[in-house]
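Step one of this worksheet: look at the structure below.
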């Protein structure tokens, strides 16, 4: 386990870094909407499975260096729920830093932009994010500062930034701190408020096709009906 001070990437011109954001699997603290109908134990199992499936999708895309950032990294806690593929790849484990989701995402994105031309950040609730979707996000960043993958519930499943955004965030005093701030995380207006945030920071962007994520039991059933890849 590591944090941003310990893990550094030697190549300062890495084309793409992919960040998977997730909550550490603790019963009663993950997939709380699922837990209301399925119970805490089933919700915990669902969270672990979703986190693993998203990780597998991102790693198999093979378009950049992959890291997993958790909201906490308890000492001595095993990561074996992610499976042999995770252990074999020796994927870096990173600690999210910030008071809310916006601060944590901003910290991760800006930190990694010092080491990559493009950074993609993906949540662990959307098993529909696939290789083609990630490639489309990278292409969007050829011509825009940012890219967003909207979710059906009014949020988004992916946010990406290109290195050119850094000049936008320092051109006006305070922009860096305002980026991804004052957003009602968890509400149906997250995407709308984020786009307004981009406008205030003069950030150009492209929207990808809308996807769905897993929040409640109907979403979970939708996930259960997906064909599973093996190997």
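Derivation of every value follows stated rules applied to the coordinates shown; laboratory data play no part. Every value quoted in this text rests on a predicted model; they were computed, and no experiment measured them. Methodologically, a virtual Cβ is constructed for each residue, glycine included, from the backbone with ideal geometry; neighbour enumeration extends over all protein chains shown.
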Förster radius 45 Å - calculated FRET efficiency between residue 142 and residue 41 (Cβ-Cβ, nearest 0.05)
0.50
Describe numerically, in nm with one decimal, the distance between label points set 7 Å from Cα along Cα→Cβ at residue 14 and at residue 73.
1.4 nm
Looking only at 183, 79, 110, which one moves most when the chain is put into a Gaussian network model with springs between Cα atoms under 10 Å?
79
Any chance you could give the angle, 0 to 90 degrees and rounded to 10, that helix 190-200 forms with the longest Cα principal axis of the chain?
10 degrees
Expressed as an acute angle from 0 to 90° and rounded to the nearest 10, what is the orientation of the C-alpha long axis of helix 131-140 relative to the principal long axis of the chain?
10 degrees
Which of 71, 177, 84 ends up with the largest GNM mean-square fluctuation for the chain, with Cα atoms connected below 10 Å?
84
Whole-angstrom Cα spans of the chain along principal axes, big to small
48, 38, 32
Sequence of 120, 139 once ranked by neighbouring C-beta atoms within 10 Å, starting from the fewest
139, 120
Out of all DSSP beta bridges in the stretch 14-224, what portion is antiparallel? Express it as a percent rounded to 5.
35 percent
Folded to 0 to 90 degrees: helix 101-113 orientation relative to the chain principal axis, Cα
60 degrees
Top of 80, 216, 145 by mean-square fluctuation, Gaussian network on the chain, Cα under 10 Å
80
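Relative contact order (percent) for the stretch 93-186, with alpha-carbon contacts under 8 angstrom and 6 or more residues of separation?
Taking the mean separation of contacting Cα pairs over the length of the stretch 93-186, I get 29 percent.
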Using a Förster distance of 30 Å, how high is the FRET efficiency between residue 152 and residue 87, based on the Cβ-Cβ distance and rounded to 0.05?
0.35
